Amino acid sequence: MTIRILIADDEALLRMAFGTVLDAQPDMAAVGEAADGAQAVRLARELRPDVVLMDVRMPGTDGIEATREVVRVSPRSRVLILTTFDLDEYAFAGLHAGASGFLLKNTRPEELLTAIRSVAAGDAVVSPRITRRLLETLRPHIPDGRGAARDDQLGRLSAREREVLVEVGRGLSNAEIAATLYLAEATVKSHLGRVLHKLELRDRIQAVVFAHENRLVHPG
């Protein structure tokens, strides 16, 4: 199956570079290029790509608002935010808008390809190490929990599912959670799937954001 990818970046050379890397893969194809957020939304609606590589800073409609719109007009499309650590506050906003993950702009080509395949398969693409670093940076900007609404949502989870959610929020991978909770990795994956379903979350990244928004994970 070919993964269809839309590239959204205001720098033509970067779009060309990404396209060259993607088209060299037997299971990928760059199906469109957008120079700004509005064009990205329009092409996502028309092309229904599997994955959108979305730059944060673009003229007009920025990558954050474009991500929100892409998720709305093409729900099956997964958005992968491109960022740098100098733009961490935008990364959180992008994830909250519905992105399935984020990458550094200087990521190596092989890491980009692995990330795209993971996103297309419905998983998150953020490494646990980078997740932890980003969340430490963004902690002061995450809003307080939502009181009764939070308690009602968390009440849907079993004790084990809540434990898994907390570890996901800490940035641990499935393998690390399995070792921490003395479970099989497949069991962790099953628990996480039920957590996403019960909390009506799109993917692992939204589970991380949910855990931090609702103060299930604390600094340090």
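The values are calculated or read from the model by the stated rules, or taken from the named source; none is laboratory data. Keep in mind the model is a prediction, meaning the values are calculated, not measured. Virtual Cβ from ideal backbone geometry, glycine too; neighbours counted across all protein chains shown. Protein only, heavy atoms only, side chains kept; ligands, DNA and RNA dropped before computing areas. Shrake-Rupley method; radii C 1.70, N 1.55, O 1.52, S 1.80 Å.
Where the second residue is surrounded by 19 or more Cβ atoms within 10 Å (Cβ to Cβ) and in a strand (DSSP E or B) and the first is at pLDDT below 90 and of a type in the set (Lys, Arg) and lies in region 61-80, which pairs have Cβ atoms under 6 Å and are six or more apart or on separate chains?
Between residues of region 61-80 that are at pLDDT below 90 and of a type in the set (Lys, Arg) and residues that are surrounded by 19 or more Cβ atoms within 10 Å (Cβ to Cβ) and in a strand (DSSP E or B), there is no close pair.
Glu89 - would you say it is in contact with a helix residue (DSSP H, G or I) (Cβ under 8 Å, 6 or more places away or on another chain), of a type outside the set (Gly, Ala, Ser) and modelled with pLDDT of 90 or more?
The answer is no for Glu89.
How about region 59-80: which of its residues are touching a strand residue (DSSP E or B) at 6+ places or on another chain (Cβ under 7 Å) and not in a helix (DSSP H, G or I)?
Within region 59-80, Ser77, Arg78, Val79, Leu80 meet the criteria.
If we keep just the residues of region 11-26 that are among the charged types (D, E, K, R) and more than 21 Å from the chain's Cα centre (by Cα), which is nearest to Ile81 (Cα to Cα)?
Checking each candidate, the answer is Glu11.
Determine which member of the set Arg194, Arg204 is modelled with pLDDT under 85 and within 24 Å of Pro75 (Cα to Cα).
Arg204
So how many residues does region 19-52 have that are closer than 13 Å to Thr67 by Cβ, of a type in the set (Gly, Ala, Ser) and open to solvent by 10 Å² or more (accessible area, probe 1.4 Å)?
1
What is the residue count in region 157-188 for residues that are among the basic types (Lys, Arg) and surrounded by fewer than 16 Cβ atoms within 10 Å (Cβ to Cβ)?
1
Sort out which residues of region 190-220 are open to solvent by 40 Å² or more (accessible area, probe 1.4 Å), among the charged types (D, E, K, R) and under 17 Å from the mean Cα position of the chain (by Cα), and write them in order of number.
Within region 190-220, Glu200, Arg202 qualify.
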